[in-house]
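The structure appears right after this line, and notes come after that.
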Amino acid sequence: MKENVKAVTKRNPWAWIPTLYFAQGLPYVAVMTISVIMYKRLGMSNTDIALYTGWLGLPWVIKPFWSPFVDLIRTKRWWTLTMQWIVAFALAGIAFSIPTAFYVQFTLAIFMLMGFASATHDIAADGFYMIALNEHDQSFYVGIRSTFYRIATVVGQGLLVILAGAIEMHTGNIPMAWSVVFIVLSGFFFIIVLYHSWALPKPRGDGSDHGTSAKDIFSGFVSAFRTFFTKFSPGQTVAAILFMLFYRFPEAQLTKIIQPFLLDPIEKGGLGLTTQEVGMVYGTVGVIGLTLGGIIGGFVAAKGGLKKWLLPMAWSMSLTCLTFVYLSMVQDHSLLTVNICVFIEQFGYGFGFTAYMLYMIYYSEGAFKTSHYSICTGLMALSMMTGMIAGYIQESIGYEKFFIWTMICCIVTIGVAMIVKVDPNFGKKKE
């Protein structure tokens, strides 16, 4: 029923953290971002895109309800590898569904299935990370972890979009272009699961100390939720939940509209970039800015602790959104200007998102850390579903006013960062 958790296999964290979180990010970006660009190129309206792809975030919202089973049954390593196999086959299914007459229904159904597998993979991988590393290493590698996760999203909306755009340009066949993209993704996942079968360590703590009878599972399920809401004082529990729900409030709306904004023609308020140009912007300077921001964020957090850097990181998340206000006002579609703005925005996001990742780890410390972290990320996913209305808002008020609206929403990000309390020593290296 279980893998042998007594046997300990050690690996250098650099051998598996980058690939694990790159693999964790790709299914999410496929479901939540690549699908946006694909449906836009296939002629869907902004309102429908935001609504349909917003619903695809549901698995990440409700994943806390089955996270205790991942905590109580088998090992985190087993769950991680199994979900990677499922994602690999699901990506292949999407590739073969795109050219069909009912591609919307088929692809949405498979995207949803892949979303559940990916959400389960998130639970297992995040729990595995906390089991395999000590507190200081968790803090040190959180920058690497979040960076490679975000690199996956940039590769998805960068290099893979470049590939789709190149095929579109040379063949004129948009469905075929996106089928090729998902075949490539599927092939990558078949390779990565084989690599992780070797590379993932087998830490001694990877396994449940609880029984696995129906009674024990139910008891563990109840205990996981009860302890989540009672580990801090009522006031700080409310503050923590508000933080997890609203720290990314502006980003939840931006992510649904940025690509349509870059792709829409000038007369519609967009920048009129080609599919290939959008991919180049996010696949080059975007990934550089994100990487630098994430690594620097992890370094300073490990040096000074989360408490010291929480507010600066919240400001970093907020102020860099001004770049899209500027682009929508002047509609400067030169690649130099767009690249500079995207670099600034991605750097600020990479730096600021470090605080969010570390706070979820901080809140999840203690018993049931895998389940508690899953609940945290479920709340994060729920916050991202507010993007469902972004398409309607944008089409009602236009791109320029929409980006101004997202800047107003940044007040919420700063507000929730100010009300949470963090142990000053959390994340610092212990002497």
Enumeration of residues in segment 273-317 that are surrounded by 24 or more Cβ atoms within 10 Å (Cβ to Cβ) and of a type outside the set (A, V, I, L, M, F, W, C): T275, G279, Y282, G286, G289, G293, G294, G297, G298
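Rundown of residues vs (1) of a type in the set (V, I, T); (2) touching a Ser or Thr at 6+ places or on another chain (Cβ under 6 Å); (3) under 19 Å from I174 (Cβ atoms), yes/no style:
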{"residue": "R248", "(1), (2), (3)": "no, yes, no"}
{"residue": "T255", "(1), (2), (3)": "yes, no, no"}
{"residue": "P260", "(1), (2), (3)": "no, no, yes"}
{"residue": "L263", "(1), (2), (3)": "no, no, yes"}
{"residue": "G270", "(1), (2), (3)": "no, no, yes"}
{"residue": "V281", "(1), (2), (3)": "yes, no, no"}
{"residue": "V285", "(1), (2), (3)": "yes, no, no"}
{"residue": "G297", "(1), (2), (3)": "no, yes, no"}
{"residue": "A302", "(1), (2), (3)": "no, yes, no"}
Counted residues in segment 72-124 being in contact with a Gly (Cβ under 6 Å, 6 or more places away or on another chain), of a type outside the set (K, R) and either open to solvent by less than 10 Å² (accessible area, probe 1.4 Å) or not in a helix (DSSP H, G or I) (or both) come to 2
For residues that are open to solvent by 10 Å² or more (accessible area, probe 1.4 Å) and polar (S, T, N, Q), scanning just segment 337-356, find the one that is nearest to V154 (Cα to Cα). N339
Restricting attention to segment 43-67, which residues are more than 21 Å from the chain's Cα centre (by Cα) and farther than 19 Å from Q105 by Cβ? N46
Residue count, segment 379-408, condition at pLDDT 90 or above and within 20 Å of the chain's Cα centre (by Cα), comes to 1
Would you say I296 is more than 29 Å from D264 (Cα to Cα) and in contact with a helix residue (DSSP H, G or I) (Cβ under 9 Å, 6 or more places away or on another chain)? yes
Name every residue in segment 240-266 that is open to solvent by less than 20 Å² (accessible area, probe 1.4 Å) and of a type in the set (A, V, I, L, M, F, W, C), in order of residue number. A240, F243, M244, A252, L254, I257, I258, F261, L262
Consider M329 carefully, then state whether it is within 17 Å of the chain's Cα centre (by Cα) and within 28 Å of A50 (Cα to Cα). no
Screening G93, G115 for residues that are within 24 Å of Y282 (Cα to Cα) and in contact with a helix residue (DSSP H, G or I) (Cβ under 6 Å, 6 or more places away or on another chain) leaves only G115
Within segment 14-58, the count of residues that are open to solvent by 40 Å² or more (accessible area, probe 1.4 Å) and of a type in the set (G, A, S) comes to 2
Quick one: would you say G415 is modelled with pLDDT of 90 or more, in a helix (DSSP H, G or I) and more than 29 Å from T120 (Cβ to Cβ)? yes
Residue hits (segment 127-150; open to solvent by less than 40 Å² (accessible area, probe 1.4 Å) and farther than 23 Å from Y349 by Cα) are G127, F128, M130, A132, L133
Flag if I389 is assigned to a helix (DSSP H, G or I), open to solvent by 30 Å² or more (accessible area, probe 1.4 Å) and out of contact with any Asp or Glu (no Cβ under 6 Å at 6 or more places or on another chain): yes
Test F228 against the stated conditions and say whether it is in contact with a Cys (Cβ under 9 Å, 6 or more places away or on another chain) and at pLDDT below 90. yes
Examine segment 398-410 for a residue that is of a type in the set (G, A, S), touching a residue at least 12 places away in the same chain (Cβ under 8 Å) and part of a helix (DSSP H, G or I), and state whether such a residue exists. yes
How many of the residues making up segment 82-97 are more than 19 Å from the chain's Cα centre (by Cα) and of a type in the set (A, V, I, L, M, F, W, C)? 6
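The values are calculated or read from the model by the stated rules, or taken from the named source; none is laboratory data. None of the values given here were measured: they were computed from a predicted structure. Counting neighbours? That spans all protein chains shown, and the Cβs are built from the backbone with ideal geometry, glycine included. Surface areas here come from the heavy atoms of the whole protein model, side chains and all, with no ligands, DNA or RNA. Shrake-Rupley method; radii C 1.70, N 1.55, O 1.52, S 1.80 Å.
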